[in-house]
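Working notes, structure below.
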Amino acid sequence: MKAKLIFLVGLLSIISCESILKEKITGKIGVEEVLNDTTFSAMGAYFSPNVKNEIILSWTEEIDTSFTNILKYKIFDTKTKSFGETKEVKSSIGIQSHEESMAKIAKTSNGIMYAVFRYKTPTPKNRFAGSVFYSISSDDGTTWSEKKKLVTAETSQSQSFYDIALLPNGELGMCWLDNRKLIKNKGGSTLYFAHSYGNEGFVNEKPIAGSTCQCCRTDMFISGKNQINVAYRNIMNDSIRDMFVTKSLDNGKSFSKPVRMGKDDWKIFGCPHTGPSLASNGVDLAVAWYTGAESGRGLFFKNLNDEIGFLKNKNLISPTGLHPQMTALNNGNYYLVYEDFYTENNQTYSDIILNTISADGEQNKISITKKHTFNDHAVISNVDNNYLLLAWVNKVEGKSKIVYKLINNE
């Protein structure tokens, strides 16, 4: 807790009193739409991989005054550029609500839907422990199975910070952080991987990296040549917490030795609660991440196209930006969203920034949120060659809601 407080104080100390530079970009910024019923709070927006012209936007929403949560979702039709009706996963009632370890829904290429969510299950040794469960729907969300525990091993008492991706073979891959130790006598969690098997559930779990930072979002991304990339924050020498990636070229049967994606050397005895994001513009794989390193604090971006790219050539996006999420279009551009801060009349506000990064590294930034509001944890998805879909959390008078925009980038 002390380390987290120091981290937040350090962040606020470098927030400029001037407004964030708002530059014009080519394209039409859509109208901001509210996604959820605003009677109660909602958080944790997540976009599924695009399967057969459908993108699932899921989130966690309170359903009563006792702060009971349920997983809800809408399906976005990429042809009509519109959402269907709001649906919910009944078996998820009572789940944990978390902005970095959010519940998720995704669909296999054969149309089997998986909903993944977490319940708090504190233990005497870990008050933050929780168990991940999932439900399956084989009829496009009309009915959902009873929830099933992801990990049944008694030695696994906590799973968290999971991600899902559509694998090259059409099944879903899933990674998560687990308390089981891959490396004995070392701190941190262990990164695990499993994959779906039709409507049978997740199978063949295996550890793929050890000594990971316990509280940062993981990211799984499929790049060219059917390469599975899993990015995460690793713990080095007990205190250095930098970004790593491990890869698989055989559909998750085996993974490479994890590689460091740059030498920030951020020494922190605590969890930053901000993970990496991967994307590919069809040529290069790139990563965006936050570091609080003494050598340079802020949100950074870099291409990972060769060994030099892994070690050097990081580009500063913002000294105060947090929680990056990224996608790309076939025009060669990367599109990065994150929250950033500005202060006016002694009040600090948070914007959602859309930063277009060209193949040659040129940046073009614009705020997509209303002036003098509080916004965070944005997510982004490419709809087709010209459209982007964004969603984020907007907070007003103690309540939070999910809002979204469709952006025409023609």
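Structure data summary
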read-out: Protection proxy ranking of 142-148, 294-300, 401-407 - average other beta-carbon atoms within 10 Å, highest first; value: 401-407, 294-300, 142-148
read-out: Distance from the stretch 54-80 to the stretch 259-308 (C-alpha centre basis), Å; value: 30 Å
read-out: Alpha carbon Rg of the stretch 100-152, scaled by the compact-globule rule 2.2 N^0.38 Å; value: 1.33
read-out: Viscosity 1.567 mPa s, 4 °C: Kirkwood-radius Stokes-Einstein D of the chain over Cα pairs, µm²/s; value: 61 µm²/s
read-out: Relative packing of 325-337, 152-164, which averages over residues the other C-beta atoms within 10 Å, highest first; value: 325-337, 152-164
read-out: Coordinate range along principal axes, alpha carbons of the stretch 280-410, Å, largest first; value: 47, 40, 20
read-out: Nearby aspartates and glutamates by direct alpha-carbon distance to K405 (threshold 13 angstrom, same-chain neighbours under 8 apart not counted); value: E32, E33
read-out: Long-range HN-HN contacts of T274 with modeled amide H, under 5 Å; value: R217
read-out: Sequence ranges 276-286, 40-50, ranked by mean other-Cβ count within 10 angstrom, highest first; value: 40-50, 276-286
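The numbers here are math on the coordinates, done by the rules we state, and not lab data. Every value quoted in this text rests on a predicted model; they were computed, and no experiment measured them. Note: ideal-geometry Cβ built from the backbone for every residue, glycine included; neighbour counts use all protein chains shown.
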